[in-house]
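Submitted below is the structure of interest, expressed as structure tokens.
The values are calculated or read from the model by the stated rules, or taken from the named source; none is laboratory data. These numbers come from a predicted model, not from an experiment. Cβ placement follows ideal geometry from the backbone for every residue including glycine, while neighbour counts extend to all protein chains displayed. These accessible areas exclude ligands, DNA and RNA; they are computed on the full protein's heavy atoms, side chains included. Shrake-Rupley method; radii C 1.70, N 1.55, O 1.52, S 1.80 Å.
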Amino acid sequence: MGKTMIQKIIQRASGKEVKPGDRVWCNIDLSTARDFAGPNCVLQFDKETEGKGKVWNPDKIAFTFDLEAPSRSEQVANNQKLIREFAKRQGITKVFDVNWGIGQHVLLENGLVKPGWVILGTDSHMNLLGAVGAFATGVGNTDIVASWILGKLWYRVPETVKIHVTGSFKKGVCMRDLLTKIVGTLGAGGLIYKAVEFVGPTIENANLAERITLCSMVTEMSGKIGLIQPNGEVLEWLKARAGEEVVELAEAIKADPDAIYSEEYEFNVDDLEPMVSAPDAPDNVKTVREVAGEKLDQIHIGSCSNGRFEDIAAAFEVLKAADFKIAPGIRAIITPATREVMKQCAQAGFIEKFLAAGVIFTNPTCALCTAKHYGTLPSGDVGMSTTNRNFIGKVGKGSHTYLASPMTAMASAVRGVITDPREIIG
């Protein structure tokens, strides 16, 4: 019987033949923690080891500072200092401080993610690293500490769903719109503890930014991991960052032709139109057409879902088509995912144009995923964001948020109301 991608990954990590439902211990390739939850992991590790413990392998542990970077309070500053001191004490050199950006993206850019690797993190969206075929999961503090001590963690082998995508996006429509369509179709509980394989011509031709977007909201469907087979330019990008080994690793996790799937879905994007997740749930999906004209107070472009250079470039083209003018009274914020992305935006001349239009262009962070950032919405305000969650009050008590693509968000900033980007870019 053939094996799915997740079966092959867990088989490699456990050294055992596995089938869905099996519970096995897996060797961890990389265990990470961020400035959120990371300090508690450090404190728990020291408590469990009575302050004398050594991590199992400092070369396989990394810290990222992305939730509140730079620190915005004394408490956050002290928590970040706790991590720095622990890393120094343990000989952990992979510390990506407040100047780097979103953890998963930074790990990717620095060659620390490979196909078939098992990766842990304190972020519920670690699984977006499935965009390059890694089995990355967000876990609790205790699991992180256990991995620091043992170098292992146990898993139940998930069943796998296959999503096959065909067609080409029309102008003004993009991968984020497909993702929103999928979330609306499957629902918040549509992938409970399941892996997903995204396949088909549309996926095979997708760039890295698009693949990251597609995997970024598997969590919002209660899924364990979304996986895409690395190929073409994405595989070459990985090889340049992480070494020749990735070619062999990518081949080793390829699903067998006779692999068994619990469900299979077909999506065609030829006639797809711009989509939104309306307040107050990611699966409350509508077409932009259905909610067009709704007044907005703020838009935000960024996050682990849509903070790559390609995302910001798409928003730039919409603003350019509007003669670099946004509506009076609307607040527009753009946050690049990483320092590398920010450099790309600077080199392309984007930042100066955004600033001249009245757009706020920030340093790279997780930004407005939560109310812990600058740009928090006041009660009663309505925002639009490219983040992955829009639960009521998530970015400000009493506020509401629409989720959309970078193009729809910028088109809405131009008009001050929810707007189909095709009305502006033609």
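Taking V318 as meeting all but one of (1) over 20 Å from the mean Cα position of the chain (by Cα); (2) surrounded by fewer than 16 Cβ atoms within 10 Å (Cβ to Cβ); (3) modelled with pLDDT of 95 or more, write down the number of the exception.
Here V318 meets the rest and fails (2).
Could you check the range 70-183 for helices (runs of 4 or more DSSP H) lying wholly inside it with 3 or more residues that are out of contact with any His (no Cβ under 7 Å at 6 or more places or on another chain) and free of Cβ contacts under 8 Å to residues at least 24 places away in the same chain?
The helices (runs of 4 or more DSSP H) meeting that bar are 74-90.
Ok, one more. Please give the number of the condition E310 fails out of (1) open to solvent by less than 20 Å² (accessible area, probe 1.4 Å); (2) under 22 Å from the mean Cα position of the chain (by Cα).
(1)
Which ones in the range 151-172 are of a type in the set (V, I, T) and either closer than 20 Å to I225 by Cβ or open to solvent by less than 10 Å² (accessible area, probe 1.4 Å) (or both)?
V157, T160, V161, I163, V165
When only residues in the range 50-73 that are at pLDDT 95 or above and over 21 Å from G103 (Cα atoms) count, which is surrounded by the most Cβ atoms within 10 Å (Cβ to Cβ)? Full working, then the answer.
In the first step, residues of the range 50-73 are kept if they are at pLDDT 95 or above; the result is 54-65.
From what is left, the residues that are over 21 Å from G103 (Cα atoms) are 54, 56.
Details: K54: 12, W56: 15.
Here the answer is W56.
Quick check on I144: is it farther than 30 Å from V247 by Cβ, open to solvent by 30 Å² or more (accessible area, probe 1.4 Å) and of a type in the set (A, V, I, L, M)?
No; evaluated as a whole, the condition is false for this residue.
Are any residues in the range 284-307 in contact with a Ser or Thr (Cβ under 7 Å, 6 or more places away or on another chain) and either acidic (D, E) or open to solvent by 20 Å² or more (accessible area, probe 1.4 Å) (or both), and if so, which ones?
Filtering the range 284-307 down to residues in contact with a Ser or Thr (Cβ under 7 Å, 6 or more places away or on another chain) leaves 284-285, 288, 292, 296, 299-307.
Result: N284, V285, A292.
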